[in-house]
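J.: Below: one structure in structure tokens.
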Amino acid sequence: MIGQKQLRLRSIVPIFTAGIFVFLLYIYFLVPFNDLVQTFQQVNPFYIFLALAVLFLAHGFYAFTWQKLLEMLSVKASFTKAFQYTWVANFVDILVPAESVSGDFLRIYLLSKEKSGDAGKIAASVLCHRILVTIISVLGLLISTMYFMIYNNPPTLVLQIIVAIAVLNAVVLGLVIYVSIKKEAAEKIVNWTIKALVHITRGRWKFEHLKESATKTMNKFYEGITVFRQNPKGLIVPVFSSIIAVILDILIMALVFLSIGPMEAMISLSALIIVYSSSAIVHYIPIVSGELGTMEIFLTTMFTLLGNQQAIAIYTAATVLIRILTLWVRLFVGGIIVQIMGIKSLTTKNIT
């Protein structure tokens with residue numbers, strides 16, 4: 001029950017406060033304050049509201065992609081349900097330091113409660129969804145980087161950052177795909193986990209039932225992966241909708257820059273894609289954490305290195321506006337949906 005497993009917001013507040021403080025220090029030492037204030041004063045709200053609408057549209061395509069992947073595995077889930085659960089997953093991703101992995105587990109948990117026996121298939125759909133978005137982001141990063149290098153002379157630091165991100169992502173994605181294909185590897189992980197639990201509890205707890213349940217779920221998971229591998233044509237719609245979702249996410253950034261206005265604020269489309277793709281890839285690496293503070297500094301630095309280095313105040317303002325849309329709006333909307341679902345769960349419990 002979401003109502004029974006509410007997030008402890010008090011434990012999250014220090015993390016958010018620290019992140020905001022770090023970013024404020026960055027602004028204080030590196031960004032001309034008067035220029036930053038002047039930039040905010042000239043923002044055109046029309047483009048910000050347009051970007052807000054695009055945010056909801058992008059999320060709709062993201063949820064639609066997951067719904068279509070579930071349909072391929074004969075797991076029925078309405079678009080509304082997929083839309084709600086992906087918002088809740090974003091909410092948890094922001095609050096829980098485990099980054100996007102926590103949201104993926106929550107999607108599996110929530111839908112599995114309604115579709116008992118389908119947890120393995122649901123996990124396969126979530127993993128395939130993750131792989132699709134990550135591959136699209138990596139391809140976008142590589143293509144935009146090559147294009148930018150042809151027409152510009154990017155700083156060495158930027159290329160080093162991009163290479164580091166690409167290599168780290170390749171390692172993580174490679175491991176995920178390997179375990180997804182090799183059932184034996186997953187079986188070893190399950191057996192090692194069970195043995196570790198037995199060792200920790202010194203044999204006082206029996207985990208035979210847990211191992212049996214994990215085996216059944218794993219079998220369903222690999223059945224789902226097999227369906228995806230044997231039906232590539234069925235992935236056409238999910239891939240296409242994922243690409244649209246990514247394009248809309250990039251459009252949010254572009255609209256923010258349009259809202260600021262002056263030509264010195266403009267940044268090339270290839271640079272915009274580089275920044276988006278690299279930040280998205282960092283977000284999708286489970287071992288990387290820190291939604292607030294570090295990501296703001298990363299975005300501002302990348303914009304500055306790839307654009308006009310004299311316009312750091314403009315890029316800082318753009319980063320703040322982008323994060324309001326992509327972080328705080330998602331946090332707010334996701335929190336509302338969590339509360340609504342919590343009320344429903346409590347009501348259902350009381351009735352039964």
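The values are calculated or read from the model by the stated rules, or taken from the named source; none is laboratory data. Because the structure is predicted, anything quoted here is derived from the model rather than measured. No Cβ is skipped: glycine too gets one built from the backbone with ideal geometry, and neighbour counts run over all protein chains shown.
J.: Would you say A58 is at pLDDT 90 or above, farther than 30 Å from E114 by Cα and either of a type in the set (G, A, S) or touching a Pro at 6+ places or on another chain (Cβ under 7 Å) (or both)?
T.: For A58, the condition - at pLDDT 90 or above, farther than 30 Å from E114 by Cα and either of a type in the set (G, A, S) or touching a Pro at 6+ places or on another chain (Cβ under 7 Å) (or both) - is not met.
J.: List the pairs whose first member sits in the stretch 239-253 and is over 18 Å from F83 (Cα atoms), whose second member is at pLDDT 95 or above and surrounded by fewer than 17 Cβ atoms within 10 Å (Cβ to Cβ), and whose Cβ atoms are under 9 Å apart, counting only residues at least 6 apart or on separate chains?
T.: Here the result reads I252/L52, each pair linking the stretch 239-253 to a residue that is at pLDDT 95 or above and surrounded by fewer than 17 Cβ atoms within 10 Å (Cβ to Cβ).
J.: So which residues in the stretch 280-335 are closer than 21 Å to G140 by Cα, of a type in the set (S, T, Y) and at pLDDT 85 or above, if there are any at all?
T.: Correct list: T300, T301, T304, T319, T326.
J.: Criterion first (at pLDDT below 85, buried (at least 18 other Cβ atoms within 10 Å of the Cβ) and in a helix (DSSP H, G or I)) does A196 satisfy it?
T.: Answer is no for this residue.
J.: For the stretch 54-98, which residues satisfy the criterion of being of a type in the set (A, V, I, L, M, F, W, C) and over 25 Å from V282 (Cα atoms)?
T.: Result: L70, M72, L73, V75, A77, F79.
J.: Within the stretch 311-342, track down each residue that is free of Cβ contacts under 8 Å to residues at least 60 places away in the same chain, under 12 Å from V31 (Cβ atoms) and not aliphatic (A, V, I, L, M).
T.: Answer for the stretch 311-342, where residues must be free of Cβ contacts under 8 Å to residues at least 60 places away in the same chain, under 12 Å from V31 (Cβ atoms) and not aliphatic (A, V, I, L, M): Y315, T319.
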